[in-house]
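Right, one structure below, let's go through it.
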Amino acid sequence: MTGVSINGFGTIGKRVADAVSAQPDMSVVGVSKRSPNHEARSAVASGYDLYAADPDRVEEFGERDIPVAGTVGDMLAGGDIVVDTTPSGVGETYRDLYADHDVDVVYQGGEDASVAPQSFCARANYQRSLEASATRVVSCNTTGLARAVTPLDEAYGVESVDATLIRRGGDPTQTDRGPINDIVPDPVEVPSHHAPDLRTVLPDIDVTTTGVTVPATLMHLHSITVSLDSDPTASEVRDRFDAEPRLELITTASGCDSCAEIQEYAQDTGRPRGDVWENCIWADAVDVSDGRLTFFQAIHQQADVVPENVDAVRALAGTADARESRARTDDALGVGM
Ligand SMILES: NC(=O)C1=CN([C@@H]2O[C@H](COP(=O)(O)OP(=O)(O)OC[C@H]3O[C@@H](n4cnc5c(N)ncnc54)[C@H](O)[C@@H]3O)[C@@H](O)[C@H]2O)C=CC1
Ligand SMILES: O=C(OP(=O)(O)O)[C@H](O)COP(=O)(O)O
């Protein structure tokens, strides 16, 4: 049983905690929060031992009747691996503390790639993190790209990838983010940071990415063109996508003709928090002409990295190979819509 600590019980951290606790071969040692807010209360209600990220604020938790089991150092002492889900850039500041407690670390895509010896996407490069002491799960957009590009490269050979990433402005609770009424080239540079990030897990892929941020909170939407080395039919590509558990083909007949409809479906079918762990690829928009493949995919930014974090824990622990880990994770979570 691998004991996992979650440092930073926010958008990603709370989802990773629930996903880890659903695994038969892992247990949650504890979770940490800086502020004694509703998320801290819900962590305790979920049965997690809660640790204070800021030792100076322990009393505030007590004043709000939220029991804490100690500080982050105490949490780390009780586990084998920590998943760092603190805000972008904060993870790096914990490096020394993690080393002092001799725990292996899974960082997130908001950290610079140099935070770990390699980055991680379970479908692209699981083996590189086997029994490593640290790894970094690439960002939600990059995870979405890597999951789709890897099987295409294996089946047909990828000459180049061109992706326009239509990015959600912020997560639903990020009321201070925007735009409210604008369409923003973001970043105003080509390629966007996603292309180099993709190459941290698929170093040989020729990729160009551009980013555009829009007033939406639900999902990112990717418009992707891939030049292939061969010329499969659209139907063959659909079958190839369909064989991948973390790629979901969405048919027009299902009525899921927008990101909002996909999210509604996830909520209606009882997904926790309405999470969509899979890349959602619209089947009817998969087109191939002279070896140029075009498709759209929707990426739920709060959810797609969650199964990847679980696999990253298993890779560091060395308790399963890539295929077995993905299957175990997917089975425990119920991946596949
Ligand atoms: N939200 C998203 O859509 C995605 C985020 N990521 C990445 O995941 C990481 C976490 O992002 P979110 O979950 O969105 O952030 P968040 O702000 O929702 O959650 C961060 C949590 O860490 C806690 N925290 C703050 N400072 C801390 C400290 N010094 N020590 C311990 N805990 C602390 C906060 O109280 C909060 O609970 C970032 O690297 C981000 O780039 C990756 C994919 C998608
Ligand atoms: O979309 C995301 O990252 P990415 O666009 O850098 O891949 C993550 O959801 C976090 O994004 P943010 O940095 O806009 O909060």
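The values are calculated or read from the model by the stated rules, or taken from the named source; none is laboratory data. In this text the structure is predicted, and so the values were computed from the model without any measurement. So basically every Cβ, Gly included, is an ideal-geometry build from the backbone, and we count neighbours across all protein chains shown. Quick note on the areas: whole protein, heavy atoms, side chains included, nothing else; ligands and nucleic acids left out. Shrake-Rupley method; radii C 1.70, N 1.55, O 1.52, S 1.80 Å.
How big is the Kirkwood radius of the stretch 192-335, worked out from every pair of different alpha carbons and given in Å to one decimal? Can you show the working numbers first?
Values: mean 1/r = 0.0597 Å⁻¹.
The Cα-based Kirkwood calculation yields 16.7 Å.
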Inset, instruction - Give, to the nearest whole percent, the P(r) tail of the stretch 25-164 beyond 17 angstrom, counting all Cα pairs. - result: 66
Inset, instruction - Taking the Cα centre of the chain as origin, sum charge times position over the Cβ atoms of Lys and Arg (+1) and Asp and Glu (-1), and report the length of that vector in debye to the nearest 20. - result: 420
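With every protein chain present, what is the per residue accessible area of the chain (1.4 Å probe, Å²)?
Values: 14080 Å² over 337 residues.
Result: 42 Å² of accessible area for each residue.
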Inset, instruction - Quick one: what are the phi-derived ³J(HN,Hα) couplings along the stretch 313-326, Karplus 6.51/-1.76/1.60 with θ = phi - 60°, whole Hz, x for glycine and proline? - result: 4, 5, 5, 4, 6, x, 9, 6, 7, 4, 5, 5, 5, 4
Legend entry - Dimensions (Å) - the stretch 252-337, Cα atoms, principal axes, largest first: 41, 38, 18
Legend entry - Percent breakdown of C-alpha pair distances by 5 Å bin, ordered from the shortest bin, for the stretch 165-269: 2, 10, 14, 18, 20, 18, 13, 5, 1, 0
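Determine how many Å³ per residue the convex hull of the Cα atoms of the stretch 159-223 encloses.
Values: hull volume 5.7 nm³, N = 65.
With only Cα atoms used, the stretch 159-223 gives 87 Å³ per residue.
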Legend entry - Separation in nanometres of the label points that stand 7 Å from Cα toward Cβ, at residue 231 and residue 131: 4.7
Inset, instruction - Please find, in a Gaussian network model of the chain (springs between Cα atoms separated by less than 10 Å), the residue of 144, 47, 78 whose mean-square fluctuation is greatest. - result: 47
Legend entry - Listed residues 77, 19, 283, most fluctuating in the chain (Gaussian network, C-alpha, under 10 Å): 77
Inset, instruction - Quantify, in whole percent, the carbon and sulfur part of the accessible surface of the chain (1.4 Å probe; protein heavy atoms only). - result: 46
Inset, instruction - Write down the percent of antiparallel bridges among all DSSP beta bridges whose residues are both part of the stretch 140-299, to the nearest 5. - result: 65
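Which percent, to the nearest 5, of DSSP beta bridges fully inside the chain are antiparallel? Please report the intermediate quantities before stating the final value.
Working: 23 of 58 bridges.
Among the beta bridges of the chain, antiparallel pairing accounts for roughly 40 percent.
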Inset, instruction - Set Lys and Arg Cβ to +1 and Asp and Glu Cβ to -1, take the dipole of the stretch 1-122 about its Cα centre, and tell me which of 13, 90, 113 lies farthest positive. - result: 13
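Relative to the present Cα-Cα distance, how much length would full extension add between residue 268 and residue 175 at 0.36 nm per residue of separation? All intermediate terms of the calculation are to be shown ahead of the outcome.
Working: separation 93, 0.36 × 93 = 33.48 nm, distance 2.51 nm.
Length gained, residue 268 through residue 175: 31.0 nm.
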Inset, instruction - Calculate the radius of gyration of the Cα atoms of the chain to one decimal place, then report Dmax, the largest Cα-Cα distance, as a whole number, both in Å. - result: 19.8, 66
